[in-house]
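Below is one structure, written out as structure tokens, with a few remarks after it.
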Amino acid sequence: MANNAPLHSSVLRAERLAATSARKAAPRRRGKLAVKTALSALMLVSAAGAAGLALCLHDLPPVEAPKAVAARSAITVLAQGGEVLAEVGDLPGDDLAPGQLPQSVVAAVLSTEDRRFFSHFGVDPIGIARALAQNLRAGGVEQGGSTITQQLAKMMFLSPDRTLKRKVQEVALAIALEQRYSKQEILALYLNRAYFGAGATGIDAAARRYFDRPARELRVSEAAMLAGALKAPSRYNLIADRDAAIGRAKVVVANMADAGALSADDAAKVAGELPHLTVKTKAPNGGYFADWVVDQVRGMPQTWGRSVTVSTTLDTRLQKMAEARIESALATAGAKDHIGQVAMVVMTPEGAVKAMVGGRNYFDSPYNRAVQARRQPGSTFKTFVYLAAMERGVSPTDTVLDAPVKVGNWSPDNYLGKYRGQVTVRTAFADSLNAPAVRLAEKAGIRSVSETARRLGIESPLRRDGTLALGSSEVGVMEMTGAVATIASGGVRPDVHGIAEIRDTTGTVLYRQQAEAAAPVIEASAVARIQDVMSEVVRSGTGKAAALGRPAAGKTGTSQDYRDAWFVGFTGHLVAGVWLGNDDNAPMTKVTGGSHAARLWREVMVSAHDGVAPVALRSPSQGRLFANVAASSPDTADAEIFLQRVTGG
């Protein structure tokens, strides 16, 4: 045992030493393992990164073949005399060469978008770090780190998707662009392709769109305004939001001063000019009409992808005058009598629209009540009731009973609640008596009344009961005016239109309005009879307020509780329809078709006929004559002149 003790002690010491060594070796082994693991992970990440980078860049487009600016498609709408009503879409402008770039624009853009443009290699690490720090301080995204070269790479080659692949490709393409093009060339490419809002792509198109001048003539304040729009073109432009655009432009001016592009005094002067900048508005005249035309042009396949100029039928003198008369008429009566909105259409008996008002103020509400809205026409619909009866032999001198009438469970009253017994058809129509209209509708048949309205141009859904006779079915101002134009034309249904001709940028005619020789849709004797009773409305009936001092005819209409007031009428030259009411269908204060609506119709038509000799209402033979002349003439104006000669107008 004595010999075993040292051995035991040695073993214990060895075990303790081994344990100690093991404890000391463990961290070293773990450290080595960690290093190996980290190196392996780094190699894996690097491999994955390389694979990911390769995947991102495998379909990178070559910078030697940059994507061209997309074909610009614009619609320019002209009035009858050539005045520009509206410019819609990507408006054309000149592509500026590097040496043609206005220095004010360059200074404004670089001071705000990329101050280190001339010193970075396409990507700006300093700018990225600065933007990151600013965003961290702000707790949100206030600045971006993309350079102009990166933005150009995106707009020339890439989709707007916010993906890692797209960002990697953007950086790679930006570096490649810097190697392929000079700084001045990159700047020119960017400014010629950047979107500035309101349909303007490129600095020259933007200068012309907003300020009606080429880019080379821009003032510093105008350049600052356009540079400011680059951050958010749909918001920071003078047309979309004037206050926001001015506020953003002031930031640009401050940036120009901070970058040394402007002195403090010059910056203060330029900033003071910003609130006074004037901009070319979307539609200086006839905004509702222009929108109506543009919607039609966009639906024509022959215009798709092309920039076109649209010549229209709009008479700017008549349009401005109609707008002025409406504004004046409703300035006091609108609030006093709770008249919230208005719609009016003026056209020739052949359907050429000369003026259109779709509401009290286009910029407050571009919703076109003349075309898009449907409202109850009230007694104006009696026009189709009486016409249907007259086509079945009823004459203005015939008598009809004005007494209580019941159709099923429905029993309409007259406006004043009184009945006159036997009255002539002419009197019943002129005074807009309800009971006779219902009796005549029953005599002609509701189906026949509906068919008559359809034949003249009413396309809205129509009720199939007796209430149709008193205008219970909603219709539009445009279609009602067009339908009455069929009567005004002598029985020939007009092709209601606002477009005369469409040409592309090469001058090629893509569309031209063609008048066609059309057969009458109303029998000649019925035309004469309905014109007779409609004339009596203006002479002695509910529409006396519309009298012009020349031959005229029309019909008033008032819906239940004074929610709608109408007057639709015509002369030998023009047809016009007026509607007054409220968008929420709220009642007006006892406003009838024979009061404000008839007076407004008269004021517009008096001005419209200024200097025009009175003529009789068109007879059926004159309607057919005009249709044949117009169909054989390449120019509708020639046909109108011919008609004036044969009618003595």
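The values are calculated or read from the model by the stated rules, or taken from the named source; none is laboratory data. Bear in mind that the values here come from a model prediction, so they are computed numbers and not experimental data. Note that each Cβ is placed from the backbone with ideal geometry, even for glycine, and that neighbours are counted across all protein chains shown.
For region 93-133, enumerate the residues that are within 18 Å of Arg208 (Cα to Cα) and surrounded by fewer than 19 Cβ atoms within 10 Å (Cβ to Cβ). Within region 93-133, Asp94, Asp95, Ala97, Gln100, Gln103 meet the criteria. Count of region 433-473 residues, restricted to those that are touching a Gly at 6+ places or on another chain (Cβ under 9 Å), of a type in the set (Gly, Ala, Ser) and in a helix (DSSP H, G or I), is 2.
When you look at Gly421, is it over 23 Å from Val591 (Cα atoms) and without any contact (Cβ under 8 Å) to a residue 24 or more places away in the chain, yes or no? Yes, satisfied. Looking only at residues of region 508-531 that are more than 37 Å from the chain's Cα centre (by Cα) and among the small types (Gly, Ala, Ser), we find that the one that is nearest to Val575 (Cα to Cα) is Ala528.
The rows are residues; the columns are (1) outside the structural domain of Tyr362 (by TED's automatic domain parsing); (2) hydroxyl-bearing (Ser, Thr, Tyr).
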position	(1), (2)
Ala254	yes, no
Thr303	yes, yes
Arg325	no, no
His338	no, no
Met344	no, no
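In region 532-572, what residues are part of a helix (DSSP H, G or I), crowded, with 24+ Cβ neighbours inside 10 Å and more than 36 Å from the chain's Cα centre (by Cα)? Can you show your working first?
Initial filter on region 532-572 (part of a helix (DSSP H, G or I)): 532-539, 544-546, 560-562.
Okay, now just the ones that are also crowded, with 24+ Cβ neighbours inside 10 Å, so 533-534, 537-538, 546.
Residues satisfying the conditions are Val533, Met534, Val537, Val538.
Of all residues in region 468-491, how many are without any contact (Cβ under 8 Å) to a residue 40 or more places away in the chain and closer than 21 Å to Asn585 by Cα? I'd like the intermediate steps shown before the answer.
Within region 468-491, the subset without any contact (Cβ under 8 Å) to a residue 40 or more places away in the chain is 479, 486.
Remaining after also requiring closer than 21 Å to Asn585 by Cα: 479.
Residues that pass the stated criteria total 1.
Which of the residues that make up region 319-344 are within 30 Å of Ile502 (Cα to Cα) and surrounded by fewer than 20 Cβ atoms within 10 Å (Cβ to Cβ)? Lys320, Met321, Ala324 - these are the residues of region 319-344 that are within 30 Å of Ile502 (Cα to Cα) and surrounded by fewer than 20 Cβ atoms within 10 Å (Cβ to Cβ). Starting from residues that are polar (S, T, N, Q), over 23 Å from Val106 (Cα atoms) and not in a helix (DSSP H, G or I), keep the ones in region 137-188 and report whichever is modelled with the lowest pLDDT. Going through the qualifying residues, I end up with Ser159.
Regarding Gly247, is this residue assigned to a loop (DSSP other than H, G, I, E, B) and surrounded by fewer than 24 Cβ atoms within 10 Å (Cβ to Cβ)?
Working: assigned to a loop (DSSP other than H, G, I, E, B): no; surrounded by fewer than 24 Cβ atoms within 10 Å (Cβ to Cβ): yes.
Against the criterion (assigned to a loop (DSSP other than H, G, I, E, B) and surrounded by fewer than 24 Cβ atoms within 10 Å (Cβ to Cβ)), Gly247 does not qualify.
Condition (residue is under 30 Å from the mean Cα position of the chain (by Cα), of a type in the set (Lys, Arg) and assigned to a strand (DSSP E or B)) applied to region 356-372: is it met by at least one residue? Taking every residue of region 356-372 in turn, none turns out to be under 30 Å from the mean Cα position of the chain (by Cα), of a type in the set (Lys, Arg) and assigned to a strand (DSSP E or B).
Could you say which residue among Val385, Val423, Val394 is aliphatic (A, V, I, L, M), in a strand (DSSP E or B) and crowded, with 19+ Cβ neighbours inside 10 Å? Outline the logic, then answer.
Details: Val385 fails: in a strand (DSSP E or B); Val394 fails: in a strand (DSSP E or B).
Every option except Val423 fails the conditions.
Here Thr589 qualifies as polar (S, T, N, Q) and surrounded by fewer than 16 Cβ atoms within 10 Å (Cβ to Cβ). If you go through region 345-376, how many residues are buried (at least 23 other Cβ atoms within 10 Å of the Cβ) and without any contact (Cβ under 8 Å) to a residue 40 or more places away in the chain? The total comes to 0.
Go through region 103-126 and report how many residues are hydrophobic (A, V, I, L, M, F, W, C), over 15 Å from Ser221 (Cβ atoms), part of a helix (DSSP H, G or I) and touching a helix residue (DSSP H, G or I) at 6+ places or on another chain (Cβ under 7 Å).
Within region 103-126, the subset hydrophobic (A, V, I, L, M, F, W, C) is 105-110, 117-118, 121, 123, 126.
Those left that are additionally over 15 Å from Ser221 (Cβ atoms): 106, 110, 117-118, 121, 123, 126.
Then drop every residue that is not part of a helix (DSSP H, G or I), which leaves 106, 110, 126.
Filter once more, so that each one left must be touching a helix residue (DSSP H, G or I) at 6+ places or on another chain (Cβ under 7 Å): 106.
Residues that pass the stated criteria total 1.
The single condition among (1) among the acidic types (Asp, Glu); (2) under 40 Å from the mean Cα position of the chain (by Cα); (3) under 24 Å from Gly408 (Cβ atoms) that Asp495 does not satisfy is (3).
When His596, His609 are checked against the criterion of being over 19 Å from Val477 (Cβ atoms), modelled with pLDDT of 95 or more and out of contact with any Ser or Thr (no Cβ under 6 Å at 6 or more places or on another chain), His609 stands alone in meeting it.
Only one residue in Ala198, Ala244 is on the phi > 0 side of the Ramachandran plot and among the hydrophobic types (A, V, I, L, M, F, W, C). Which one?
Ala198
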